[in-house]
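One structure below.
The values are calculated or read from the model by the stated rules, or taken from the named source; none is laboratory data. Everything quoted here is computed from the prediction, not taken from an experiment. Cβ atoms come from the backbone with ideal geometry, glycine included; neighbour counts cover every protein chain shown. Please note that ligands, DNA and RNA were not included when accessible areas were found on the heavy atoms of the full protein model with its side chains. Shrake-Rupley method; radii C 1.70, N 1.55, O 1.52, S 1.80 Å.
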Amino acid sequence: MTAFDRVLWRHWPFRLFHKTPDLSGEWGAELLSSYAEQGGRENKTITGTATITQTYTSLSVRLVTGEEPNTNRSFQLAGRLIRHNDGVYEVIGVYQSDPDILARGTQTEIHYGAFRYRVIGTPPKKMSGHYWTDRNTKGSIQLKKRL
């Protein structure tokens, strides 16, 4: 069972018995956020990298945006891949965002949020969705698979 969960599910002939998409790897991220830094403007575009680690039974998403020393790292606290009755897959989750210590108090703070991404393509090449936070901000997000 462990071998199937971690490795075998990704390969033929095991792929014949399920339709779970393999989302593992690095994804280029582009967010349109309603968050405005002090003195900044709302609805700014933010770029970054999402790293997805997946087994057949679990999924982890980590998102890094910004550049040193203003790097913001978000990690999934809980989440899952769901399949709707029409065959569409979505990744849903709750996350914590930990900005660099130098950015806290001046640009942003630790915060929590939730996200929902729709998986697009077979095999998946893109995810599109939205997120919202406990700072009363929200935004859209596009993830594109890096080859």
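Averaged over its residues, region 10-147 has an accessible area of 60 Å² per residue, based on protein heavy atoms and a 1.4 Å probe. In percent, how large is the relative contact order of the chain, given Cα pairs closer than 8 Å and 6 or more residues apart? The normalised contact order for the chain reaches 21 percent.
The charge dipole of the chain, taken about the Cα centre with unit charges on the Cβ atoms of Lys, Arg (+1) and Asp, Glu (-1), comes to about 620 debye, rounded to the nearest 20.
Subtracting the Cα-Cα distance of His84 and Asp5 from their residue separation scaled by 0.36 nm leaves 26.3 nm.
Computed from Cα atoms alone, the Kirkwood hydrodynamic radius reported for the chain is 16.2 Å. When a 1.4 Å probe is rolled over the protein heavy atoms, the share of accessible surface on the chain that falls to carbon and sulfur comes to 53 percent.
Considering only Thr47, Thr122, Thr20, the Gaussian network model of the chain with Cα springs below 10 Å gives its largest mean-square fluctuation to Thr122. Of all lysines in the structure, those lying under 18 Å Cα to Cα from Lys144, and not within fewer than 8 positions of it along the same chain, are Lys125, Lys126. Exposed loop sites here mean trypsin sites (Lys or Arg not before Pro) with a DSSP loop assignment and at most 11 other beta-carbon atoms within 10 Å; the chain contains its longest site-free run at 42-145.
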